[in-house]
Structure formats: C-alpha cells, structure tokens
1. For the list (1) out of contact with any Ser or Thr (no Cβ under 9 Å at 6 or more places or on another chain); (2) at pLDDT below 85; (3) assigned to a loop (DSSP other than H, G, I, E, B); (4) not basic (K, R), I need the number of the one condition that Q53 fails.
2. Which of the helices (runs of 4 or more DSSP H) found entirely inside region 62-107 contain at least 3 residues meeting this: under 23 Å from G50 (Cα atoms) and at pLDDT below 60?
3. Does at least one position in region 16-23 carry a residue that is within 12 Å of the chain's Cα centre (by Cα) and in a loop (DSSP other than H, G, I, E, B)?
Amino acid sequence: MNTTLTVDKAGRVVLPKPVRDELQLAAGDSLELESSEDRIVLRPVRGTVGLRQKQGIWVLDLDEPLSAEAVNRTIRDIRKEREGSWLGRTSAVQDSPTAKKAKQRRR
C-alpha cells in the first residue's frame with residue numbers, strides 16, 4: 001500500500017488502519033526505524049515468541065522451528081496428562097517432564 005502521510009507539529013504520523021491491521025500492530029507496539037538518503041522504512045519489532053492470527057487461526061510465532069523431538073515430547077506429555085485426568089489422577093500434570101522443566105525455569 002502506498003499513501004501520503006502528514007507529519008504533525010510534534011513529529012508524529014498516523015499509520016492507516018488497513019496497514020496496522022495487516023501488520024497486526026496495536027497501541028504501544030514498537031517499530032524499528034531505518035532511514036537512508038530520502039527513504040524511511042518502519043518495521044515492527046517482534047518478540048521472540050508470540051501468538052499471531054493467520055487467516056483467522058491463532059499460530060505460535062517462533063524465531064526458529066521446533067524440533068520433532070520437542071513436538072513429540074509435548075504430545076506425549078499432553079496425552080499422559082489427559083489419561084491421568086480420565087483416571088482421576090491430578091498429579092499427572094505435576095509429574096510430567098514438561099511441567100518439571102517449566103518449574104525449574106521459574107526459579
């Protein structure tokens with residue numbers, strides 16, 4: 001999208017709503033500014049992990065792909081957790097390797 005923006009007295013510009021929507025920008029988001037000669041480029045600053053909506057579906061956005069091992073381990077832990085809850089064992093969640101690692105990271 002190409003459009004003309006006006007700079008106000010305070011040096012601010014307003015990004016058009018279609019651009020904000022397309023780039024999933026919200027109030028308070030940070031933009032990286034790059035200027036050279038007669039050009040200004042703004043890029044959204046994204047965190048390392050976040051949820052983004054793609055075609056109406058929430059998708060986990062990572063800097064690098066998850067390994068097959070990590071995916072399989074997570075699936076195994078979730079299945080174990082479900083089986084435990086079906087059998088009335090609530091400790092299945094607390095005893096899973098994923099839960100233990102998360103607890104260690106919080107400390």
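The values are calculated or read from the model by the stated rules, or taken from the named source; none is laboratory data. Here the structure is a predicted model, which is why all the values come from computation and not from measurement. Virtual Cβ from ideal backbone geometry, glycine too; neighbours counted across all protein chains shown.
1. The failed condition is (3).
2. Of the helices (runs of 4 or more DSSP H) lying wholly inside region 62-107, those with at least 3 residues that are under 23 Å from G50 (Cα atoms) and at pLDDT below 60 span 97-106.
3. First, the residues of region 16-23 that are within 12 Å of the chain's Cα centre (by Cα): none.
No, region 16-23 contains no residue that is within 12 Å of the chain's Cα centre (by Cα) and in a loop (DSSP other than H, G, I, E, B).
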